[in-house]
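See structure below.
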Amino acid sequence: MDSNVLIAGFGGQGVLFVGQLFANACMNEGLNVTWFPAYGAEMRGGTVNCTVCMSDDEVACAYVDKPANVIALNEPSFERFENQIKAGGLMVVNSSIVKAKPSRTDITYKYVPMTEIAKNIGNQKFANIVSLGAFVKALPVVKIDSVIDIMKEKLTGKKAQMLESNIQALKQGFSYFN
């Protein structure tokens, strides 16, 4: 197995956190992984993305010119990265925010109302976790339980109060596709 995912959105949407969760879940399942963040000086509200490369073999480079998969949490990310995805790739799209229609026939699109699902859980900030659940279902590189285990490790102290909502968001994203 040799693949990658680029996760993109606005600063403050939890893009980097989702990338770290996914990268750690991959490591827990024995894959070799790199995580590479990229963000503008604006931080909150600016554009942010990160790339997670995973492989059974060593990962030689964290930089990805043409991602195999993309999670687009907002419209600018959809517009920027749609044409960069490799043929045969996957794009998971936040249909609550992204109104653009697919322009390619050589990739698979999975539209998920991430923000709406997150609002129903109680906070639209969980849209990033909904996206991860949907991605894990659409491209089963890791088990959902591996992501939950990482959440339990990372969401401790004051953040522990958000653990159950995060798990719920992950599971709802995962179960969105049958």
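What aspartates and glutamates sit close enough to LYS86 to cross-link, taking a C-alpha to C-alpha distance under 17 Å and skipping anything fewer than 8 places away on the same chain?
ASP2, ASP65, ASP106
Check each of the chymotrypsin sites (Phe, Trp or Tyr not before Pro) in region 1-86 and keep only those in coil by DSSP with at most 11 other C-beta atoms within 10 angstrom; list them in order.
Details: sites: PHE10, PHE17, PHE22, TRP35, TYR39, TYR63, PHE78, PHE81; in loops: TYR63.
Counting only loop positions with at most 11 other Cβ atoms within 10 Å, the chymotrypsin sites (Phe, Trp or Tyr not before Pro) in region 1-86 are TYR63.
Between (i) 50, 36, 25; (ii) 40, 38, 33; (iii) 40, 39, 38, which entry matches Cα extents along the principal axes in Å as derived from the coordinates of this structure?
Here the calculated entry is (iii).
Return a whole-number percent for the relative contact order of region 52-178, with Cα pairs under 8 Å and 6 or more residues apart as the contact set. The partial results should precede the final answer.
Values: 188 pairs, mean separation 25.0, N = 127.
About 20 percent, as a whole number.
What shape does region 82-166 take by its C-alpha gyration tensor, where a ≥ b ≥ c are the square roots of the eigenvalues and a/c under 1.5 counts as rounded, a/b above b/c as prolate, and the rest as oblate?
On the way: a/c = 3.21, a/b = 1.66, b/c = 1.94.
Note, shape of region 82-166 comes out oblate.
With the cut-off at 1.5 for a/c, could you classify region 1-73 from its C-alpha gyration tensor as rounded, prolate or oblate?
Numbers: a/c = 2.35, a/b = 1.85, b/c = 1.27.
The shape class here is prolate.
Accessible area per residue, 1.4 Å probe, Å², for the chain: what's the number? Intermediate results must be reported in sequence, preceding the final value.
Numbers: 8670 Å² over 178 residues.
Per residue, the chain has an accessible area of 49 Å².
Cross-link candidates for LYS152: which lysines have Cα within less than 24 Å, leaving aside residues fewer than 8 places away along the same chain?
Candidates past the 8-residue exclusion: LYS119, LYS125, LYS137, LYS143, LYS171.
Sorting check: for 47-60, 96-109, which peptide has the highest mean count of neighbouring beta carbons within 10 Å, and how do the rest follow? Could you put the intermediate results ahead of the total?
Numbers: 47-60: 18.1, 96-109: 13.8.
Those peptides, ordered most packed to least, come out 47-60, 96-109.
Can you give me the % of accessible surface on the chain that is carbon or sulfur? Probe 1.4 Å, all protein chains present, nothing else counted. Intermediate values should be presented prior to the final figure.
Values: 4300 of 8670 Å².
Carbon and sulfur together cover 50 percent of it.
The values are calculated or read from the model by the stated rules, or taken from the named source; none is laboratory data. Because the structure is a prediction, the values reported are computed rather than measured. Every residue, glycine as well, gets a Cβ built from its backbone with ideal geometry; the counts of neighbours run over all protein chains shown. Accessible surface is based on the protein model in full, side chains and every heavy atom, while ligands, DNA and RNA are left aside. Shrake-Rupley method; radii C 1.70, N 1.55, O 1.52, S 1.80 Å.
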